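The values are calculated or read from the model by the stated rules, or taken from the named source; none is laboratory data. The structure presented is a predicted model; accordingly, all values stated were derived computationally and were not measured. Here Cβ is always computed from backbone atoms with ideal geometry, including for glycine, and neighbour counts include all displayed protein chains. These area figures cover heavy atoms from the full protein model, side chains too; ligands, DNA and RNA do not enter into them. Shrake-Rupley method; radii C 1.70, N 1.55, O 1.52, S 1.80 Å.
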Amino acid sequence: MRIVLAGMMWCLAACVAFANTAEVPVMAEQKEGVVDAQGDTQGLQAWLAAFRVRAAAAGISDAVMDSALTGLAYDADVIRRDRNQAEFTKTIWDYLDTAVSDDRVSNGMAALRKQAATLQKIEDTYGVDKEVVTAIWGLESAYGTFRGSVRTVQSLATLAYDGRRSAFFEGELLAALKILQAGDTVAANLQGSWAGAMGHTQFMPSSFLAYAVDFDGDGKRNIWGDDPTDALASTAAYLAGYGWTKGAPWGLEITLPAGFDYDQTSERVKKPVANWQAMGVRGADGADLPDHGPASVLLPGGARGASFLIFSNFQVIERYNTADAYVIAVGHLADLLKGGARIKSGWPRELRALTLDERLDLQTRLTAAGFDTLGVDGKMGPNTIAAVKGFQKARGIVPDGYPSLDVLNRLE
Ligand code: CA
């Protein structure tokens with residue numbers, strides 16, 4: 001999901017509904033071999049034998065199971081990626097440089113033109129702005145260019161057998177078999193990225209079952225083939241299902257007044273736009289704020305980076321990937337495809353992202369200092385941000401919640 005680098009998918013995207021709660025999209029990298037693939041294939045086969053009983057009880061036919069599960073091997077590469085995906089994190093500015101590059105914008109313009117009629121029909125049917133659908137397509141597969149060629153059932157079976165998130169991946173494997181049983185495609189075409197996300201917009205199998213649509217009317221929901229019609233419509237159906245408001249922004253860049261109370265910056269603090277306006281918040285160009293319902297102020301790069309006012313559509317995009325950087329990339333790319341302006345503010349580019357060890361250390365030290373992160377998992381989510389803010393306030397530093405090296409160094 002999330003982004004293609006050097007010939008590999010780095011969770012570019014999102015894995016629709018994939019349980020990735022990392023604060024910033026992460027890059028999977030390979031490390032030294034950690035498994036004995038030969039021995040684990042025997043273990044996988046034993047696991048599959050037991051799984052077949054459970055799948056049969058769930059109504060999957062022997063014929064479908066034979067077509068999909070025969071000859072599966074333990075995929076050590078998938079496990080390496082799963083183990084290491086939290087290790088490398090990008091700063092939001094590095095992420096946006098790639099995710100919303102000039103090439104991705106111009107390719108998106110071309111994709112919008114090429115699929116103009118289809119996208120308009122999809123927008124009219126589902127009430128989801130065509131530029132947003134296109135932006136997700138651009139981030140998930142570079143507009144269909146990198147859809148993934150990993151055998152989905154093999155990835156999911158390996159991850160389910162592996163055990164780290166066994167229940168989740170067994171559910172996805174069962175969903176993949178249900179897709180085959182429904183006749184939407186055949187096992188050989190059921191391909192995608194390493195963690196089970198499939199097709200132009202990287203749907204997980206369970207999301208496919210819940211939201212995929214046959215928009216071109218050929219009787220099959222086909223998100224894997226060269227024609228993106230069904231995948232784009234399915235993405236719109238997914239966003240509509242989570243409450244997309246057509247024509248409303250995901251958010252917009254803002255300026256904060258001198259003396260602004262940074263304790264008010266959090267996705268957890270929602271206020272009517274009139275309140276933010278009264279506090280002196282304005283658009284990046286100084287304009288009054290548009291009212292699209294309750295809104296939050298977000299500082300994804302800390303007090304020295306760009307600030308955004310975010311609306312309910314932000315939370316809808318989060319259903320694709322909860323990382324702030326991903327949501328902002330989708331929203332910003334969509335805005336650029338509509339002819340909007342680039343983010344005006346700079347970023348504190350001299351700061352580097354914390355390593356996994358440093359993030360774990362930060363959480364451990366914050367909790368020990370009385371600012372509970374409610375767990376030590378290396379993910380810089382809302383609880384950790386709240387803890388950082390608490391620490392910053394106690395030390396008299398600007399409480400922007402940004403987990404910087406400076407904060408870590410101040411914690412003993
Ligand atoms: Ca179709």
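Computed values, structure above
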{"item": "Hits in segment 77-129 - residues which are more than 21 Å from the chain's Cα centre (by Cα) and in a loop (DSSP other than H, G, I, E, B)", "result": "Q115, G127"}
{"item": "Of residues in segment 305-335 being within 26 Å of G259 (Cα to Cα) and at pLDDT 95 or above, the one surrounded by the most Cβ atoms within 10 Å (Cβ to Cβ)", "result": "F308"}
{"item": "Residue check, S234 within 11 Å of the ligand (Cβ to nearest atom), buried (at least 22 other Cβ atoms within 10 Å of the Cβ), of a type outside the set (A, V, I, L, M) and not in a loop (DSSP other than H, G, I, E, B)", "result": "yes"}
{"item": "Test: residue in segment 212-229 that is in a helix (DSSP H, G or I), within 19 Å of the chain's Cα centre (by Cα), modelled with pLDDT of 95 or more and polar (S, T, N, Q)", "result": "no"}
{"item": "Exclusive hit being among the polar types (S, T, N, Q), within 16 Å of the ligand (Cβ to nearest atom) and open to solvent by 50 Å² or more (accessible area, probe 1.4 Å), set N275, N222", "result": "N222"}
{"item": "First in segment 209-222 and in contact (Cβ under 8 Å) with a residue 24 or more places away in the chain, second anywhere and part of a loop (DSSP other than H, G, I, E, B) and more than 7 Å from the ligand (Cβ to nearest atom), Cβ under 6 Å, 6 or more apart", "result": "K220/D184; R221/D184; R221/A212"}
{"item": "Residue identified as more than 11 Å from the ligand (Cβ to nearest atom), more than 17 Å from the chain's Cα centre (by Cα), at pLDDT below 95 and assigned to a loop (DSSP other than H, G, I, E, B) among G259, G243", "result": "G259"}
{"item": "The lone exception for A175 - which of (1) more than 24 Å from D226 (Cα to Cα); (2) among the hydrophobic types (A, V, I, L, M, F, W, C); (3) free of Cβ contacts under 8 Å to residues at least 60 places away in the same chain; (4) touching a Phe, Trp or Tyr at 6+ places or on another chain (Cβ under 9 Å) it fails", "result": "(1)"}
{"item": "Residue pairs meeting the criteria (Cβ under 7 Å; at least 6 apart or on separate chains; first without any contact (Cβ under 8 Å) to a residue 12 or more places away in the chain, in segment 100-120; second basic (K, R))", "result": "Q120/K130"}
{"item": "Residue under evaluation L356, criteria (1) more than 22 Å from T98 (Cβ to Cβ); (2) open to solvent by 10 Å² or more (accessible area, probe 1.4 Å), criterion not met", "result": "(1)"}
{"item": "Scope segment 48-76; condition assigned to a helix (DSSP H, G or I), open to solvent by less than 40 Å² (accessible area, probe 1.4 Å) and not aliphatic (A, V, I, L, M); matching residues", "result": "F51"}
{"item": "Filter pass, L156 being within 16 Å of the ligand (Cβ to nearest atom) and not in a loop (DSSP other than H, G, I, E, B)", "result": "no"}
{"item": "Members of segment 148-165 that are under 24 Å from V186 (Cα atoms), out of contact with any Phe, Trp or Tyr (no Cβ under 8 Å at 6 or more places or on another chain) and open to solvent by 10 Å² or more (accessible area, probe 1.4 Å)", "result": "S149, R151, Q154"}
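Conditions (1) open to solvent by less than 40 Å² (accessible area, probe 1.4 Å); (2) away from the ligand (no atom under 16 Å from the Cβ), marked per residue:
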position	(1), (2)
K130	no, yes
A135	yes, yes
F146	no, yes
A167	no, yes
G183	yes, no
L190	yes, no
F203	yes, no
Y211	no, no
G217	no, no
